[in-house]
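The values are calculated or read from the model by the stated rules, or taken from the named source; none is laboratory data. Just so it is clear, the model here is predicted, and its values are computed rather than measured. In this analysis, Cβ positions are derived from the backbone assuming ideal geometry, glycine residues included, and neighbour counts consider all displayed protein chains.
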Amino acid sequence: MLRYFLLFLSLSLMAACNVTKIANQMTAKYLPQAPYDVVIVPGIAYDTAKQQTNGFNARIIWANELYKRGVTKNIIFSGAACYSPYVEGKTMKLIAEAMGVPAQNVFAETKAEHGKENVYYSYLLAQKLGFKKVALAADPYQAFFLEGFIEANLPDMGILPIAVDSLKMLYLPVPKIDASSAFVKDFVPLNKRESFGTRIKHTNHNNLPELPKE
């Protein structure tokens, strides 16, 4: 049993090191191409009954930092109500506004329920809004898993992962908000609406229509 645990631990550490290396390579490649017209930030479940997760806070704080530093001119937060009755894109938008991002520079995409959908629907929204230069801003693991989809479908899109050595500094509280406008009545969580196999299929395969060309 100990042997399997040590093997699992070793594989996990190797994967983490690989993700860190790739994230650093992404940053070196795409950060010098700033400023971007908009960054896409995938959502995480919001829950008024609990303190938000570190990952939830870090994504919003990272997007806010990119905006303040002039790396991006606008932000799209993406996500439907998947695992809590609050639309992720809307709650993250409200928090970003409470942190000082002007309302006219932050947008909510509210259809996406999976990682690739975050990219897909947010890209369509970016086109509709007239934004040309687009990047994904996500934690390094999500950036790693979405890189192939982006390279295959949107090769001009940048990727700006949160620097691993900055993660702990981004695990900070975010402003409390009135999330009532993002509440979905008669909410049913995604794991009750889709089987595990269907969710994995959406996550690991490209089931989305071809993206329109500019």
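State the number of residues belonging to the range 98-114 that are in contact with a strand residue (DSSP E or B) (Cβ under 6 Å, 6 or more places away or on another chain) and not hydrophobic (A, V, I, L, M, F, W, C). Counting residues in the range 98-114 that are in contact with a strand residue (DSSP E or B) (Cβ under 6 Å, 6 or more places away or on another chain) and not hydrophobic (A, V, I, L, M, F, W, C) gives 1.
Condition check ((1) over 24 Å from A179 (Cα atoms); (2) modelled with pLDDT of 75 or more; (3) in contact with a helix residue (DSSP H, G or I) (Cβ under 7 Å, 6 or more places away or on another chain); (4) among the hydroxyl-bearing types (S, T, Y)) across all residues:
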position: L2; (1), (2), (3), (4): yes, no, no, no
position: M14; (1), (2), (3), (4): yes, no, no, no
position: C17; (1), (2), (3), (4): yes, no, no, no
position: T20; (1), (2), (3), (4): yes, yes, yes, yes
position: P32; (1), (2), (3), (4): yes, yes, no, no
position: Y36; (1), (2), (3), (4): yes, yes, no, yes
position: P42; (1), (2), (3), (4): no, yes, yes, no
position: A45; (1), (2), (3), (4): no, yes, yes, no
position: T72; (1), (2), (3), (4): yes, yes, yes, yes
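A count restricted to the range 40-80 and to residues that are closer than 15 Å to Q142 by Cα and either in a strand (DSSP E or B) or of a type in the set (D, E, K, R) (or both) stands at 6. The single residue among K132, K29 that is over 14 Å from the mean Cα position of the chain (by Cα), surrounded by fewer than 20 Cβ atoms within 10 Å (Cβ to Cβ) and in a loop (DSSP other than H, G, I, E, B) turns out to be K132. Go through the range 136-167 residue by residue and tally those that are farther than 14 Å from R59 by Cα and either touching a residue at least 60 places away in the same chain (Cβ under 8 Å) or of a type outside the set (F, W, Y) (or both). The total comes to 14. Please work out if L167 is modelled with pLDDT under 80, in a loop (DSSP other than H, G, I, E, B) and at negative phi. No, not satisfied. So which residues in the range 84-129 are of a type in the set (D, E) and more than 15 Å from the chain's Cα centre (by Cα)? E97, the sole residue that qualifies.
So that you can scan it fast, the table gives a plain yes or no per residue for (1) of a type outside the set (D, E); (2) over 19 Å from Y121 (Cα atoms); (3) in contact (Cβ under 8 Å) with a residue 60 or more places away in the chain:
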residue: M26; (1), (2), (3): yes, yes, yes
residue: I44; (1), (2), (3): yes, no, no
residue: T53; (1), (2), (3): yes, yes, no
residue: A58; (1), (2), (3): yes, yes, yes
residue: Y67; (1), (2), (3): yes, yes, no
residue: I76; (1), (2), (3): yes, no, no
residue: C82; (1), (2), (3): yes, no, yes
residue: T91; (1), (2), (3): yes, no, yes
residue: E97; (1), (2), (3): no, yes, no
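Taking the range 104-124 only, how many residues are in a loop (DSSP other than H, G, I, E, B), among the charged types (D, E, K, R) and touching a residue at least 40 places away in the same chain (Cβ under 8 Å)?
The qualifying residues number 1.
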